[in-house]
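The structure appears below as structure tokens.
The values are calculated or read from the model by the stated rules, or taken from the named source; none is laboratory data. Treat the numbers as computed from the prediction; the structure is a model and nothing was measured. Backbone-built Cβ (ideal geometry, glycine too); neighbour counts: all protein chains shown. Ligands, DNA and RNA are stripped out before the accessible areas are found, and what is left, the full protein with its side chains, is counted by its heavy atoms. Shrake-Rupley method; radii C 1.70, N 1.55, O 1.52, S 1.80 Å.
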Amino acid sequence: MDAAYPDDISKMNNDSTVVVRPAKNIQGSVRLPGDKSISHRYAMLAAIAEGDTKLENYSTGADCASTLGCLKALGANWERDGDKLIIHGRGRQLQVPTAPLDCGNSGSTVRMLSGILAGQNFTSELFGDESLSRRPMARVIKPLEAMGAKVAASDDGKLPLKVTGGNLKAIDYKMPVASAQVKSCVLFAGLFADGETAVEEPIRTRDHSEIALRAFGCEINQSGNEVRIKGGQKLRAIEGRVPGDISSSAFFLCAAALFPDSQLLVQDLLMNPTRARLLDVLIAMGVGISVQQIEEHHGELVGTVQVKGGNLKGMTLHGADSAVLIDEIPVFAAIAPYTENGIEIRDAKELRVKESDRIAAVAMNLRAMGAEVEELEDGLKIPGGQKLRGAEIDSLGDHRIAMAFAVAALRAQGETTIRGANAAVISYPEFYKTLSQLTQG
Ligand code: S3P
């Protein structure tokens with residue numbers, strides 16, 4: 001890691017570079033900032049709850065700051081008290097914003113918040129950066145319109161969105177795409193609808209909204225892949241700590257997996273079964289993983305994970321696994337050339353509509369490092385047993401691409417320069433600093 005690396009990447013500009021040097025292994029212990037998915041949900045539900053919600057370890061990422069910015073503009077005030085974030089709930093009624101709401105780079109902010117806005121008796125406008133403006137929004141527009149909201153967007157269903165809410169009716173919605181953001185959007189809108197809203201998903205995606213809604217005092221019914229919520233329920237503020245982000249931990253777990261003599265301890269980590277599949281996959285690949293001290297906090301499981309490197313085998317990811325591991329695929333793909341028999345990823349077309357086209361971004365950057373890789377419409381085929389060389393990586397402004405290739409660089413021959421390295425600020429501003437502390441040179 002570059003010795004001159006700044007402590008605060010939020011001060012770096014978009015052309016920022018970080019130099020990553022080959023490492024010997026990963027050693028140490030780490031606690032991660034709060035999970036991004038849970039932070040968004042707690043903040044949004046806190047805004048429409050009664051009372052003051054007090055959260056420790058709220059995500060430090062820019063995405064979750066975008067959510068907080070929007071909530072302030074909607075009259076839900078918050079302040080920080082040391083590590084604590086205090087959000088003053090407004091009950092179910094938000095305030096008319098005086099300007100369009102800036103969602104930055106955050107798909108979760110725009111998609112989940114639009115569900116709450118659909119329940120408000122006013123018009124609000126949501127916009128985002130260039131990457132977010134390219135991403136599909138028809139997936140939330142369709143169900144919200146079926147519930148009675150008016151949602152205006154560009155002809156091809158992109159930002160900015162203009163949501164005119166109020167007088168929602170419950171629907172039974174069968175989701176065509178597996179997306180926890182869409183499920184959450186419909187459930188949040190369902191809180192404001194007349195009757196009982198049902199959402200059925202094609203596969204079970206992360207269930208933080210269901211768990212958080214219960215934590216805030218709502219009744220939710222779940223059976224199989226269907227979740228039901230009755231409209232008109234009141235939410236009560238909570239006090240709690242956001243568990244460490246398991247998707248951010250994937251970068252360190254994969255970094256440790258690259259070296260047989262790595263030893264890593266990750267404390268206070270989210271262990272929700274809809275997110276923890278990555279541990280099973282790493283175990284199947286030959287990484288030594290043990291989980292200790294599991295506790296439950298507001299319905300979410302939290303634990304300590306011990307990781308020991310091993311000889312990395314390959315794997316195939318497809319079907320439901322690709323959907324639940326969608327955020328971890330870039331880093332799995334980035335370490336694939338170092339595995340014994342390579343990694344094949346299928347059924348992951350959604351990667352093409354993330355913060356960047358992650359299939360193309362991974363293929364381009366692996367090739368820059370000298371790897372052989374086959375790009376498929378819905379995934380990637382990456383042979384194992386390859387040696388990579390240090391190269392210039394382009395993050396394409398995508399946080400997970402920047403971090404995935406910082407990990408791949410640890411076992412390359414020669415230095416790697418990550419261009420657009422500061423994209424990591426979106427989910428994990430402390431990433432490079434922590435990686436350099438854990439890396440033995
Ligand atoms: C998220 C759901 C996933 C994931 C994103 C966070 C969430 O997106 O990729 O990083 O918190 O619900 P989709 O809902 O588009 O699958």
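Scan the range 319-336 for residues that are assigned to a helix (DSSP H, G or I) and either open to solvent by 20 Å² or more (accessible area, probe 1.4 Å) or of a type in the set (Phe, Trp, Tyr) (or both) and report the count.
Going residue by residue through the range 319-336, those that are assigned to a helix (DSSP H, G or I) are 320-324, 329-336.
Now narrow it down to the ones that are either open to solvent by 20 Å² or more (accessible area, probe 1.4 Å) or of a type in the set (Phe, Trp, Tyr) (or both): 320-321, 323-324, 332.
The number of residues fulfilling the criteria is 5.
Being within 22 Å of the chain's Cα centre (by Cα) and surrounded by fewer than 18 Cβ atoms within 10 Å (Cβ to Cβ) is the filter; apply it to the range 296-313 and report the residue that is nearest to residue 324 (Cα to Cα).
Result: 299.
List pairs: first residue in the range 203-217 and in contact (Cβ under 8 Å) with a residue 12 or more places away in the chain and away from the ligand (no atom under 13 Å from the Cβ), second residue assigned to a helix (DSSP H, G or I) and open to solvent by less than 10 Å² (accessible area, probe 1.4 Å) anywhere in the structure, Cβ distance under 8 angstrom, at least six positions apart or on different chains.
213/45; 213/187; 216/45; 216/46
Consider only pairs whose beta carbons are under 8 Å apart and that are at least six residues apart or on different chains; among these, list those whose first residue lies in the range 159-176 and is assigned by TED's automatic domain parsing to the domain that holds residue 197 and whose second residue is open to solvent by 20 Å² or more (accessible area, probe 1.4 Å) and at pLDDT below 95.
So the pair list comes out as 160/154.
In the range 161-198, which residues are aliphatic (A, V, I, L, M), under 15 Å from residue 112 (Cα atoms) and away from the ligand (no atom under 16 Å from the Cβ)?
163, 191
Out of the range 27-43, which residues are closer than 22 Å to residue 181 by Cα and open to solvent by 10 Å² or more (accessible area, probe 1.4 Å)?
Passing the criteria: 33, 36, 37.
Quick check: is even one residue across the range 95-105 more than 21 Å from residue 183 (Cα to Cα) and β-branched (Val, Ile, Thr)?
Scanning the range 95-105, I find at least one residue that is more than 21 Å from residue 183 (Cα to Cα) and β-branched (Val, Ile, Thr), so the answer is yes.
Filter the range 44-61 down to the residues that are closer than 16 Å to residue 244 by Cα and not hydroxyl-bearing (Ser, Thr, Tyr), then identify the one that is surrounded by the most Cβ atoms within 10 Å (Cβ to Cβ).
Applying the filter and picking the extreme gives 61.
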